[in-house]
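The values are calculated or read from the model by the stated rules, or taken from the named source; none is laboratory data. These numbers come from a predicted model, not from an experiment. Ideal geometry is used to build each Cβ from the backbone, glycine not excepted, and the neighbour counts take in all protein chains shown. Quick note on the areas: whole protein, heavy atoms, side chains included, nothing else; ligands and nucleic acids left out. Shrake-Rupley method; radii C 1.70, N 1.55, O 1.52, S 1.80 Å.
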Amino acid sequence: MIDLFAAFEDGEDADADLMYSIEANTNPSLFEAVAINGDPEELLLQFPTTASGSAQLTLRATDTDGHFVDTTFSVTISNAPPEIASIPDQAITEGQSLSLGVTGSDPDGHALTYRLVAGSPPGMTIDPVSGALSWTPGEADGPGDYRVLVKAVENSPEELSAIRLFRVTVGELNESPDLAPIDDVINFAEPDF
């Protein structure tokens, strides 16, 4: 809110005697509401959390004799990118399931969509809405070190995003050796007579 009594002054009329009006708005779709109300009068600007852009507003103050003055100013609403909370490096073994929740937030309140960036381990998945990440490495995946890049994209026209890197170390699972079946062997020795 902008206090119009503080913004305009007239040497002959009291602030309360001035009439205020909005003369121009170069981007009406940026705002949910642009209004002058209250006592003292204030300029009220309301915009949705998804708003981003700028507008030029022209306000007019008119005194009791019909004299007026206009002032034009810019309003810029910017969109801040989302953030992803830190993800600690992980260590698992072949066949062990990895499950973790990727947590992101957007300072402007936009919903986020999660995805894995190319180069993440084959078979790893992430739920685009909840951020639930899962992977079960197979025998061929260990031993190995993997870089995982998680991306959170805000659902806005700008589609600002954040990327978080963490590593997964897959250890070799030492399994027991397989034993092929051995056929029974029967040897009959001939007696020495």
Taking only Cα atoms of region 21-110, radius of gyration then Dmax in Å: 23.6, 85
How high is the relative contact order of the chain? Use alpha-carbon pairs under 8 Å, at least six apart in sequence, and give a whole percent. 17
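Can you work out the accessible area per residue across region 102-176, with the rest of the protein chains kept in place, probe 1.4 Å, in square angstrom? Each step should come with its number before you reach the end.
Values: 4020 Å² over 75 residues.
Here the residues of region 102-176 average 54 Å² of exposed surface.
So if I place +1 on the C-beta of Lys and Arg and -1 on the C-beta of Asp and Glu, and nothing else carries charge, what would the dipole magnitude of region 86-174 be about its Cα centre? I want it in debye, nearest 20.
Working: 5 positive and 12 negative charges, 13 e Å.
Around 60 debye, computed over region 86-174.
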What helix-only [θ] at 222 nm does the chain give? Using -39500 (n - 2.57) per DSSP H run of at least 4, over all residues, to the nearest 500, the answer is -500 deg cm²/dmol
What length, rounded to one decimal in nm, is gained on full extension from Asn27 through to Ser161, with 0.36 nm per residue of separation minus their alpha-carbon distance? 45.7 nm
Neighbourhood charge, 13 Å Cβ-Cβ cut-off, centred on Glu158 and excluding it, Lys, Arg +1 and Asp, Glu -1: -4
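Accessible area of the chain with a 1.4 Å probe: how many percent of it is carbon plus sulfur?
Values: 6170 of 12180 Å².
Of the solvent-accessible surface of the chain, carbon and sulfur hold 51 percent.
Ranked highest first by average number of other Cβ atoms within 10 Å, how do 124-134, 147-157, 54-64 line up?
Values: 124-134: 15.1, 147-157: 18.5, 54-64: 16.6.
Packing order, densest peptide first, comes out as 147-157, 54-64, 124-134.
Using Cα pairs under 8 angstrom and six or more residues apart, how large is the relative contact order of region 119-193, in percent? Intermediate values should be presented prior to the final figure.
On the way: 75 pairs, mean separation 18.7, N = 75.
After rounding, I find 25 percent.
In square nanometres, what is the average projected area of the Cα convex hull of region 1-152?
Values: hull surface 49.5 nm².
The Cα convex hull of region 1-152, projected and averaged over all directions, gives 12.4 nm².
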